[in-house]
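Data block below; observations after.
Each reported figure results from applying straightforward, stated rules to the coordinates on display, with no laboratory input. Bear in mind the structure is a predicted one, so any value in this text is a computation, not a measurement. Here the Cβ positions follow ideal geometry from the backbone for every residue, glycine too, while neighbour counts run over all protein chains shown.
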Amino acid sequence: MKKNILSLMKPEVVAIKQQDIFKFNARAKAIPDVINMTIGEPSFTTPDHIKLAAIKAIEDNKTHYTVPEGDHELLNAVASYLHTKYDLNYDPESEIIATTGVTEGVFSAFNAILQPGDEVLIPSPSFTIYGPDANFNRATPVYIDTSKTGFKVTPDVLDEIMRTHPRIKIFLFNYPSNPTGVSYTHDELAGLADVLRKYDVFVLSDEIYSELTYNFKHEAFAKFLPEQTLLLNGLSKSHAMTGWRFGVVCGPAEIISQINKIHELATTSITSITQAAALEAYKNGLDDSIKMREEYCRRRDVLAAGLTKLGFECPDPDGAFYLFGKIPEGLEQDDVKLCFDVLEQEHLAILPGSYFGIGGEGHIRFSYASSMENIEGCIKKLGEYVATHIHT
Ligand code: PLP
């Protein structure tokens with residue numbers, strides 16, 4: 001492309017780099033017999049009754065524009081799920097909108113809230129879209145390194161940062177966490193809410209892994225701090241529906257109506273067929289995720305035991321489908337170098353922790369969304385690598 005044409009583009013967009021993860025995965029894909037443990041999406045398929053609801057929607061010609069916020073029967077079903085599951089009382093008429101996944105929910109919320117010079121507070125390591133989304137809105141991401149506190153934010157650290165950064169407009173909270181798999185107990189959430197209540201700040205609570213918790217019950221942050229929290233959730237992980245692109249943003253009506261304006265400008269609405277599938281998931285598919293969760297739990301236990309034997313220490317794997325292992329002493333401590341070396345020598349793809357930002361250095365993210373066969377293969381190959389490379 002001609003240089004002068006590129007110079008017409010927004011510098012914030014030009015500055016967005018191709019993510020390291022994509023480059024790593026491209027290399028992994030080029031190796032035919034690779035065992036891939038990098039995958040961030042369910043290995044299951046969307047349940048049949050949900051697929052059939054979508055097919056029926058097409059046959060019934062539900063193929064036209066819908067209202068921007070989403071079909072109201074669907075929003076009602078979401079409200080009723082959130083009430084039954086978390087005792088939340090969102091008004092489906094004004095406090096919930098359907099978005100193109102949590103990804104679009106984060107984007108539209110950032111766009112509606114942030115002004116140039118604002119700051120977004122992000123516990124790190126973190127899911128990779130939050131920082132670029134902030135930058136794109138000419139805001140600055142401020143990262144909290146959680147590696148010294150079990151990969152969790154503590155009230156003391158949070159309070160100190162909020163006190164000294166008056167430009168923070170959004171605290172981006174994600175639990176269970178990608179990439180670390182940690183989650184928060186009732187008391188930990190209450191402690192963070194007590195701090196945030198003192199400040200004029202929104203909490204964007206990305207709870208996309210809420211159905212995948214293993215050690216204790218997931219609680220919604222909105223229950224602790226309703227007037228400041230925007231709850232983001234969806235069906236990608238719970239119902240193996242990543243490709244359908246369905247999410248919700250829930251919160252106080254006056255904020256949701258502002259976010260809905262951006263959402264409408266960007267998308268008009270989410271796909272009508274996806275809305276039919278999502279309605280079926282909320283009405284008749286709430287048990288679908290139970291079997292998947294049980295299987296993830298089995299895989300987690302096998303992977304965690306195998307990694308521990310090899311000397312990889314992991315923080316408490318409470319949820320999602322990730323283990324975040326600390327590289328044992330005696331092995332290459334540069335996580336990027338180590339992962340490329342393991343990829344080339346063992347044909348095993350695992351992701352460097354530093355790809356997820358500050359605090360991730362010296363760690364590796366293992367996804368147990370991969371099959372049990374892959375998990376066993378991973379332990380075997382990593383075991384061979386460790387045996388031949390570790391020095392005491
Ligand atoms: N939030 C987190 C923490 C994720 O890990 C992911 C996907 O990996 C998403 C959001 C994307 O969610 P969605 O498919 O609803 O856009």
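At a glance:
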quantity	calculated
Fully extended contour minus Cα-Cα distance, from THR185 to ASN61, at 0.36 nm per residue	40.1 nm
FRET efficiency, 1/(1 + (r/R0)^6) with R0 41 Å, evaluated for THR84 and ARG138 via beta carbons	0.55
Neighbour-limited loop hits for chymotrypsin sites (Phe, Trp or Tyr not before Pro), the stretch 50-90 (at most 14 other Cβ within 10 Å; DSSP other than H, G, I, E, B)	TYR65
Extended-chain gain in nm, criterion 0.36 nm per residue less alpha-carbon gap, GLU384 and ILE358	6.4 nm
Å³ per residue enclosed by the Cα convex hull of the stretch 1-119	266
Which of ALA79, ASN215, THR99, positive extreme of dipole for the stretch 49-284 (C-beta unit charges)	ASN215
Within the stretch 221-243: backbone nitrogen closer than 18 Å to the SER94 label point (7 Å, Cα to C-beta)	226-231
Charge-dipole axis of the chain as Lys and Arg at +1 and Asp and Glu at -1 on Cβ define it, positive-most pick from GLY247, ASN4, VAL201	ASN4
Size of charge dipole - the chain - debye, nearest 20, with Cβ of Lys, Arg +1 and Asp, Glu -1, no other charges	900
The stretch 341-356 residues near the modelled ILE16 label - backbone nitrogen below 14 Å, point 7 Å along Cα→Cβ	none
Once exposed loop GluC sites (Glu not before Pro) are cut out (DSSP; at most 10 other Cβ, 10 Å), longest piece of the chain	1-226
The stretch 247-392: relative contact order as a whole-number percent, Cα under 8 Å and 6+ apart	20
Kirkwood-based shape ratio for the chain, expressed as Rg/Rh from alpha carbons	0.97
Members of LYS23/LYS337; LYS29/LYS291; LYS152/LYS198; LYS152/LYS326; LYS85/LYS223; LYS148/LYS326 lying beyond 18 Å, as alpha-carbon distances in this model show	LYS29/LYS291; LYS152/LYS198
For VAL248, residues with placed amide H under 5 Å, excluding near neighbours	THR99, ASN233, GLY234
Sparsely packed trypsin sites (Lys or Arg not before Pro) within the stretch 45-147, loop by DSSP, other Cβ within 10 Å at most 14	ARG138
The stretch 206-246: relative contact order in percent, alpha carbon pairs under 8 Å with at least 6 residues between	43
Estimated distance in nm for a label pair at GLN258 and LYS217, the labels positioned 7 Å out from Cα along Cα-to-Cβ	3.4
Length-normalised contact order of the stretch 49-284 in % [C-alpha pairs under 8 Å, at least 6 apart]	30
Gap separating the Cα centres of the stretch 252-305 and the stretch 339-392, nearest whole Å	30
Likely footprinting exposure, THR271, THR146, fewest C-beta neighbours within 10 Å first	THR271, THR146
Mean Kyte hydropathy of -1.0 or more with a Cα span along the axis of at least 30 Å, helices from DSSP in the chain	288-309
Under 13 Å, Cβ to Cβ, from SER108 - net charge with Lys/Arg +1 and Asp/Glu -1	-3
Partner aspartates and glutamates for LYS10 [C-alpha distance under 17 Å; skip if fewer than 8 residues away on the same chain]	ASP133
Sorted by Cβ density within 10 Å, fewest first, the residues LYS169, LYS237	LYS169, LYS237
